[in-house]
Amino acid sequence: MTVTEDRAGREVGRDRRRKEDARLITGRTMWTDNVSLPGMLHLAILRSPMSHARIDGIDASAARSMPGVVDVITGRDVADVQGSLPCAWTVTPDMAHPDHPPLAVDEVRFAGEPVAVVAARDHATALDALEAIEVAYEPLPAVMDIEDALADGSPLVHQSLGTNKSFTWAFDSAEEGTGGDAAAAIDAADVVVRRRYVQQRVIPAFMEPRSVVVDPTPDQITVWSSTQVPHFVRFFLAAVLGTPEHKIRVIAPDVGGGFGGKLQITAEEFISFLVAQRLRKPVKYTESRSEAMLSAHHGRDMIQDVDVAADRDGTVTALRVRLLANMGGYLRLLTPATPLLGRYMYNGIYKFPAHRFECTGVFTTTTPTDAYRGAGRPEATFAIERVMDDLAAELGMDPVELRRRNWIERDEFPFTTVTGLTYDSGDYAAATDKAMGLLGYDELRREQAERRAAGDRVQLGIGVSTYTEMCGLAPSRWLGSLGYAAGGWESAIVRMLPTGKVEVLTGTSPHGQGHETAWSQIVADQLGVPFEDIEVMHGDTRTSHKGLDTYGSRSLAVGGYALVEACKRVVEKARPMAAHLLECDPADLEFVDGSYRVKGTPGASKSITECALAIFAAHDLPDGVEPYLDADASYDPVDFSFPHGTHLCAAEVDTETGQVRLRSYVAVDDIGKVVNPLIVEGQVHGGVAQGIAQALFEEAIYDEDGNLMTGTFVEYTIPSSADLPDIVTDRTETPAPGHPLGAKGVGEAGTIASTPAVVNAVVDALRPYGVTDVRMPCTPERVWQAIRNGGGRP
Amino acid sequence: MIPAAFDYVRAEDVRTALTALADGGEDAKVLAGGQSLIPMLRLRLAAPTLLVDVGGVGELRGVRDDGDALVIGSMTTHDELMNDALVREHAPLVAQAAATVADRQVRHVGTFGGSLAHADPAGDLPGVTLALDATFSVMGPGGARDVPASEFFVDYLTTALRPDDLLISVRVPKLPGWRTHYEKFQQAAQAWAVVGVATAVRRSNGTVDEARVALTSMGSTPVRAHTVEAALAGAPATADALAEAAGRAADGTTPMSDGIASADYRSHLARVLTRRALEAATG
C-alpha cells in the first residue's frame, strides 16, 4: 500500500461525529427566527379559509387603526409590483402555467393562500390584527378529485385556461427507439397484471417552520430565509421583482430540515421582501406549525395505473404507466417536474424490453405539490416494486426470484435501459443476497407458512424492495434539454490561510446533512491538514456566491467532486512555491500527507502550510505565483449517479384489528464509497423512517370543500421512534465510476426504498385473505377493511 | 400560535382559586397542567378572559390512603400516578392507563384532574374512573359536593363542573379481589386512543361474579358497556363466554366517524378489545 492511499483513508471513510451537532443540540444556533434587528417589524399573514373563492373586497381599516399596527397590505395594494411566484420547469411547450400572485388579488385557489399581510411592532399585535380584517369571499366550487377535474363540465380552478389540465408528457420506447412497442407486447402477453396505486398526499413536516427576515436598510437588501436554496431565492427575487441582483444578499443560516419542503421560492419570501421595501424597515415573518402544514407545499399525490406484461416464466415483456398528478392550485418552483423526475425510473433495476409512460398534471383547489424527499423517484420505485410483487403472486413465484430473472446483472454495466438512461454500475444480486441473509429470509418464509397453516390471528408478511435511483442532480445539458431553467453544476472554493488553517466555501446549502463535517473530512485528506483546522461556510450569497444548493442527493455527488478539484488546484498552486523553497524542479515533488517531498531525497520536504505562509509573506515568490493560496472549482456532472440497494421488511399483521407491526427491517444500500459512515447511517435511518411514515401513517386529507382536515400533528400522524422497528443497515460498495471519491448520493435512498418494502410486506401477509392491495397509509382500519373486502378468511 | 389576551391569576390555595374563579365569571378557566388547554389557546380555539393557575396549590397534589379507597389529588401528574406505590397497589388500572397517556413530557406535566375535567372522550383516564366507580370531590362557591363518575361526564368536553367549580380530588375505591386491565388501541405510540377499554373483573372459581367495562372514544363521553357487564354476571370465565359477552360491547354506543376511524371500525374494535381486556383481567 502506498502512503497516499493510507492518507486518503485517514478521514474519508471514518465515523466522525458531526461538527454541527454541539451547537445544534445546545441551542447555540442562528435560526432565521433568532435574527433580530433594530426597528424590526413583525408580519402576520391572513390566509384564505376557503379553497376556492372570489375576493369581492377586503376591509382592513379596523386592523390598520389598532395600536402597534404599522400597515396592512392586500393583494390589490401590490398587484402591480408583486409579480408571480416562479415555476422553473416548463415540462412541455404547451404546459398551462397560470400566474401565481404571492398575495391573492381577485381569487383564492387553495385554503391557506395568503390574502393580506399585517406589519406590526410586535408579533402578538400582528396576530391580533388578523382577526380584525374583513374579507368578502364569494365561494366558487372546490375542485378536489383529479379524475373528476379532467371530466367535461368540471368546475375550473383557473377559468382563463379553459381546462384543469396543465400538461401531458409521454414517453414511448418504440417511438424513441429505445425499446419495443409496449402496447403490442401487453396485447400479446401470457400474463398481464393491471394495478392502480394511489400515492397519497403527504406533508414534508420539516422541524423548523419557515421563517424569513428582510433588512432593506443596507446597500444590499439582506434576506435571511429558512431555505434549502439561497442562490435560487436571490436569483428569483431579482428576476421577478426587479431589484438588481447585486443589490440582494440572501443568507440561509442554520436551517432545521427541509426534505424538499424548503426547495421553494415562497410567497412568504416575496411578501416579506415587498413589505420591507415598501415600509423601508426590517421585517420578520415566522410561520406557525399550522401554517406550515396548510400552506408550505405538499408532496406526492398521484394516481398510478400500472400494467405489466410477462411470459409464464416470469420474464417481463412490457411496462405501461399512466400517471395523474395533482398539481394543486398553482405551479410552484418544480411542481410539474416533480412527478416527472421519476419518468425514467419506472423500469427500476430491470431489463424490460418495452415501456410506455404518460403523465398528466392536473389543477385542483388544494395546496400546490412539489418536491418531497425523493421527488418522483419514490413514486416510481413504489409502482414498480409493488407491481413486481403482485406479478410474482400472479405467477406463483417467489418475489425475489422474479426480480432475479429480470434485473440487470453485474457484468452488464454500464447498461442502457429502456428509457435511455445509462446506469453506471451496480451489483443487485450482492445487495439482495446480503439483505436476505441479514433478515433470515428463508426462516421467515417458513414461519410464514406455519402461521398460514395454523390460521394464526397474527400473520407474517415479507416485503421486498430492490431499488435504484438517479441522483446527483444533475447534468446541466440534460436539465436544459428537458425545459429546466437552471443548470446542475456545483462549486467549491478552498483557501488556505497564512497559518495553514483552511476555509471552505461550498455552493451546497446543508440543512441537516452534515456537510461541515463531511466536507472537512474530504479536505483534510486532500490537503493533509487536521480535520479541526477546517471551517466550512455555506448558505450566504455574499461569500458562497457560486452554487446551486442542496436537494436531490446532489451535494456530495456533485459538490464533493468540485471540492476535491478545488483542493487539487490548491495543491498545484503551492507546488511552485515548495519547489522554490526546496530549490528543485516542481516536477520532482510528490505531495504526500500535507507535504511536498523531493522524490528520491528522503528528508527534503516542505509542508503546504509552510508554503502558505511563504506565499502570504510574498517576500520571495517564484514567477507566476500569486500572493494567496486559494482555488475554486466547479463540476457539472456528465451523468447521474445510480445508487441501489435491497430493503427487506418483515411485518406482523393482526388480522383482527388490522394493526401492522414491523418486526424487522434490513437496508442494504450501495451508495458507492462512503465519506462518513455515521452520517450515512443517519440518512438511511431517517429516510427509512420517512418512507415507513408514508406506508403506514401519514396522509394529508381534505374534505370535499377543500378544508385540510389534517392541519395539526394530532390529525397528521407522524410516527415516533416508538412506532419504528430496529433498522439493520449494511452496505455493498460499488464505487461510482468517474467520481474522484467514488461516491453516489444517499439523502433520499431510504425514503425511496422503504415505502414499497413495507406495503409489500403488509400485502404479502394478507394474500391468503384475498388481499392484493392496501391503499397507503396502511392504517389499521384500511388493513381491516381490506381483509373484509377480501372475504375475511384465509 | 399566540393566544388571545387573558388575565392570569396564580392561586396559592384552594380558597384563592375559588375566589378568583368566582370573580372571573363565565369566561374564567382553570389552568392545571395545561396539556390540553394551552394548545387550544395557542390555536385560539379557546379564548378565556381569565386563567386561574392551580399549579402551585400543593393541597391538590398527591395520593392518600383513606381506608377502603384512595384519594387522589386532582393535580397529581400522570407520571406520579404511574409510579405511586399506593396507586400501583390499590388502583393498578389507574397506573396502567396513565402510563399510556401521550409521551413522557406530557405525563410529567399533565394532571389527573386536568384530564378528567377536560373530558375528552378519547382520554384514557375518564373511562378508567367510570369503570372504577370513582367519586369526584368538587368545591364551588356553595361548598363541597361529591359527584359520582357516572354523573360527571356530561358530553363532549363537558362535565358536571360549573365554571366556578374546582375539582379537588378523586376518590377511587380499592377493589380487593378484583383484577383490572386497560386495553388501548392507537394508531401511533403517542396518539389518542382510537378505542380504549377499561375493565375490572371479580371472579370466584371458574365464574365471573361481577365485571365492569368502560369504553373510551365510543361516544361523546366515556360509557359503560352495561350489556357486556350483564352478560358476564355469573357467567363462566371461559374464552367462549368472554367472547360472547364482548360481542355486545358496541351495543347502544354512538361512536364518532372522524379522520382517525369510522364508527363501524370503532364498534369492531370495541368488541375485539373488550374481549382482549376481559381475557387479560380474568387470565
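Rule-based calculations on the coordinates, nothing more; no lab input. For clarity, every value in this text was computed on a predicted model and none was experimentally measured. Methodologically, a virtual Cβ is constructed for each residue, glycine included, from the backbone with ideal geometry; neighbour enumeration extends over all protein chains shown.
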**Prompt:** Relative to the present Cα-Cα distance, how much length would full extension add between residue A:15 and residue A:584 at 0.36 nm per residue of separation?
**Reply:** 200.9 nm
**Prompt:** Taking only DSSP H segments of four or more residues, each worth -39500 (n - 2.57), what value at 222 nm results for chain B once the sum is divided by all its residues, to the nearest 500 deg cm²/dmol?
**Reply:** -9000 deg cm²/dmol
**Request:** Rounded to the nearest 0.05, what FRET efficiency do residue A:458 and residue A:184 give with R0 = 56 Å and r taken as the Cβ-Cβ distance? Could you check?
**Result:** 0.80
**Shape category assigned to segment B:7-53 from the gyration tensor of Cα positions, a/c cut at 1.5** = oblate
**Asked** Put +1 on the Cβ of every Lys and Arg and -1 on every Asp and Glu Cβ in segment B:7-53; which of B:8, B:43, B:31 then has its Cα farthest towards the positive end of the dipole?
**Response** B:43
**Request:** Give the peptides B:107-116, A:591-600, A:325-334 in descending order of average Cβ contacts within 10 Å, highest first.
**Result:** A:325-334, B:107-116, A:591-600
**Long-range amide H partners of residue A:116 with built H, under 5 Å** = A:46
**Request:** With label points built 7 Å along Cα→Cβ from the Cα atoms of residue A:315 and residue B:99, find their separation and express it in nm.
**Result:** 6.0 nm
**Asked** Can you list the residues, at least 5 places off or on another chain, whose amide H is less than 5 Å from the amide H of residue A:71, using H built in the peptide plane?
**Response** A:119
**Fill in**
Here the whole-number average of other chain Cβ atoms within 10 Å per Cβ of B:271-278 is 1
**Item:** Prolate/oblate/rounded call for the protein assembly as shown, Cα gyration tensor, a/c under 1.5 rounded
**Value:** prolate
**Asked** What are the trypsin sites (Lys or Arg not before Pro) within segment A:208-289 that DSSP puts in a loop, where the Cβ has at most 13 other Cβ atoms within 10 Å?
**Response** A:280
**Request:** Go through A:153, A:115, A:130 and say which Cα lies farthest out towards the positive end of the charge dipole of segment A:98-244; charges sit on Cβ, +1 for Lys and Arg, -1 for Asp and Glu.
**Result:** A:130
**Asked** Counting other C-beta atoms within 10 Å, which of A:41, A:724 has the fewest, and how do the rest follow?
**Response** A:724, A:41
**Message:** Between residue A:532 and residue B:44, what's the calculated FRET efficiency when r is the beta-carbon distance and R0 is 51 Å? Round to 0.05.
**Reply:** 0.55
**Message:** Projecting each Cα onto the charge dipole of segment A:630-723 (Lys/Arg +1, Asp/Glu -1 at the beta carbon, about the Cα centre), which of A:658, A:648, A:713 comes out farthest on the positive side?
**Reply:** A:648
**Message:** From the phi angles alone, apply the Karplus equation (6.51, -1.76, 1.60; θ = phi - 60°) to segment B:245-261 and give each ³J(HN,Hα) in whole Hz, x where the residue is Gly or Pro.
**Reply:** 5, 4, x, 9, 4, 8, 4, x, 8, 10, x, 7, 9, 8, x, 8, 7
**Complete:** Counting sequence-distant residues (5 or more places) and residues on other chains, those with an amide H built under 5 Å from that of residue A:343 are none
**Request:** List, in order, the whole-Hz ³J(HN,Hα) value for each residue of segment A:666-671 obtained from phi through the Karplus relation with A = 6.51, B = -1.76, C = 1.60 and θ = phi - 60°; use x for Gly and Pro.
**Result:** 10, 10, 10, 10, 10, 10
**Message:** Give me the one-decimal nm value for the distance between modelled label points at residue A:623 and residue A:200, 7 Å along each residue's Cα-to-Cβ direction.
**Reply:** 7.3 nm
**Request:** Calculate the mean, over all residues of peptide B:183-189, of how many other protein chain Cβ atoms lie within 10 angstrom of the residue's Cβ.
**Result:** 5
**Message:** What does the structure give for A:719-725 when I average, per residue, the other chain Cβ atoms found within 10 Å of the residue Cβ?
**Reply:** 3
**Fill in**
Too long for a 23 Å Cα-Cα cut-off, among A:501/A:599; A:573/A:606; A:247/A:501, are A:501/A:599; A:247/A:501
**Message:** Between residue A:37 and residue A:569, how high is the FRET efficiency from 1/(1 + (r/R0)^6) when r is the Cβ-Cβ distance and R₀ = 22 Å? Nearest 0.05.
**Reply:** 0.05
**Request:** Can you tell me the 0 to 90 degree angle between the C-alpha axis of helix B:14-24 and the longest principal axis of chain B, rounded to 10?
**Result:** 70 degrees
**Request:** Tell me the label-point distance for the pair residue B:27, residue A:247, using the 7 Å Cα-to-Cβ offset, in nm and rounded to one decimal.
**Result:** 4.7 nm
**Fill in**
Ranked from fewest to most other Cβ atoms within 10 Å of their own Cβ, B:87, A:660 fall in the order B:87, A:660
**Item:** Under the Karplus curve 6.51 cos²θ - 1.76 cosθ + 1.60, θ = phi - 60°, whole-Hz ³J(HN,Hα) for segment A:125-131, x wherever Gly or Pro sits
**Value:** 5, 4, 5, 4, 5, 4, 6
